[in-house]
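Trainee: Before I ask anything, here is the structure I am working with.
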Amino acid sequence: MSQVHEHQIQLRWSDPDSYGHVNHARALSLLEDARLAMAAEGPGVVPGRQPDIILARLEVDYLRQLHYRVGEQVCVRGWVTRIGTKSFTMRQELVQDDEVAIRLDAVIVLFDMAADASRPMTDEERAYWTGFLAL
């Protein structure tokens with residue numbers, strides 16, 4: 001495998017449900033934060049703006065409960081499993097207590113916001129995402 005992106009996420013008081021584990025929809029928001037942080041480090045991203053990407057598909061496996069603990073941070077690991085012309089697939093794992101709690105695969109599309117259409121990946125973007133490509 002090439003490099004793996006790691007992003008620390010602070011669990012929030014509003015994340016858990018009445019059972020004390022993080023609500024599934026809140027967990028997806030945490031994983032989105034990690035995806036956007038990974039993309040924001042790529043080429044061509046304008047400081048102060050979100051990366052020009054959109055989510056086309058999401059497949060999620062909830063492997064164990066994710067527990068809220070005051071002040072705890074959890075780690076989201078991310079890497080790329082496929083690179084296409086206008087999109088790529090990313091795998092993410094949210095880890096708590098050294099165990100994967102949530103695993104997801106996301107298809108990410110590069111997007112031209114002004115044209116409201118997908119666009120091809122630039123050579124610089126391809127080089128960046130290839131650095132995370134699992135071999």
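The values are calculated or read from the model by the stated rules, or taken from the named source; none is laboratory data. Here the structure is a predicted model, which is why all the values come from computation and not from measurement. Quick reminder, even Gly has a Cβ in these numbers, built from the backbone with ideal geometry, and neighbours come from all protein chains shown. Heads up: the accessible areas ignore ligands, DNA and RNA and are worked out on the full protein's heavy atoms, side chains in. Shrake-Rupley method; radii C 1.70, N 1.55, O 1.52, S 1.80 Å.
Trainee: If I model a spin label at VAL4 and HIS24 as a point 7 Å from the Cα along the Cα→Cβ vector, what separation in nanometres do I get?
Mentor: 2.5
Trainee: Sticking with this one: Counting pairs of alpha carbon atoms under 8 Å apart in space and at least six apart in sequence, what relative contact order in percent does the chain give? Numbers along the way, then the final one.
Mentor: Numbers: 248 pairs, mean separation 42.1, N = 135.
Taking the mean separation of contacting Cα pairs over the length of the chain, I get 31 percent.
Trainee: Next question, about the same structure. For helix 24-40, what angle does its Cα long axis make with the longest principal axis of the chain, in degrees from 0 to 90 and rounded to 10?
Mentor: Value to nearest ten degrees: 40.
Trainee: Taking the Cα centre of the stretch 7-130 as origin and charging only Cβ (+1 Lys, Arg; -1 Asp, Glu), how large is the dipole, in debye to the nearest 20? Write down the numbers at each step before the final one.
Mentor: Details: 14 positive and 19 negative charges, 26 e Å.
For this selection, approximately 120 debye.
Trainee: How large is the accessible surface of ASP61 in square angstrom, using a 1.4 angstrom probe and rounding to the nearest 10?
Mentor: Approximately 70 Å² of ASP61 is accessible to the 1.4 Å probe.
Trainee: Could you tell me whether the stretch 1-82 comes out rounded, prolate or oblate from its Cα gyration tensor? Rule is a ≥ b ≥ c as square roots of the eigenvalues, rounded for a/c under 1.5, then prolate if a/b exceeds b/c, otherwise oblate.
Mentor: Working: a/c = 1.95, a/b = 1.70, b/c = 1.15.
Since a/c reaches 1.5 and a/b is larger than b/c, the shape of the stretch 1-82 is classed as prolate.
Trainee: Let me ask something else about it. Show me, bin by bin at 5 Å from 0, the whole-percent P(r) of the stretch 11-135 based on Cα pairs.
Mentor: The distribution over the stretch 11-135 is 2, 10, 20, 22, 17, 13, 9, 5, 2, 0, given as percents.
Trainee: Let me ask another. Calculate the FRET efficiency for VAL100 and TRP13 from the Cβ-Cβ distance with a Förster distance of 25 Å, rounded to the nearest 0.05. If you can, show how the numbers build up before the last one.
Mentor: Details: r = 24 Å, r/R0 = 0.96.
Efficiency, from the Cβ-Cβ distance: 0.55.
Trainee: Estimate the FRET efficiency between HIS67 and LEU36 by the formula 1/(1 + (r/R0)^6), using the beta-carbon distance for r and 30 Å for R0, to the nearest 0.05.
Mentor: 0.80
Trainee: Using a 7 Å offset from the Cα along the Cα-to-Cβ direction at both THR122 and VAL107, what is the distance between the two label points in nm, to one decimal?
Mentor: 2.5
Trainee: DSSP loop GluC sites (Glu not before Pro) in the stretch 72-135 with at most 16 other Cβ atoms within 10 Å of their Cβ, which ones?
Mentor: When the GluC sites (Glu not before Pro) of the stretch 72-135 are filtered for loop state and at most 16 Cβ neighbours within 10 Å, GLU72 remain.
Trainee: Heavy atoms only, probe 1.4 Å: what % of the accessible area of the stretch 13-72 goes to carbon and sulfur, would you let me know?
Mentor: Working: 1940 of 3770 Å².
Carbon-and-sulfur percentage of accessible area, whole number: 51.
Trainee: Students often get this wrong: which residues of the stretch 64-84 have the backbone nitrogen under 20 Å from the point 7 angstrom along Cα-to-C-beta of ALA115?
Mentor: 84
Trainee: Find the accessible area per residue for the stretch 1-80; the probe is 1.4 Å, ligands and nucleic acids are left out, and the unit is Å².
Mentor: 60
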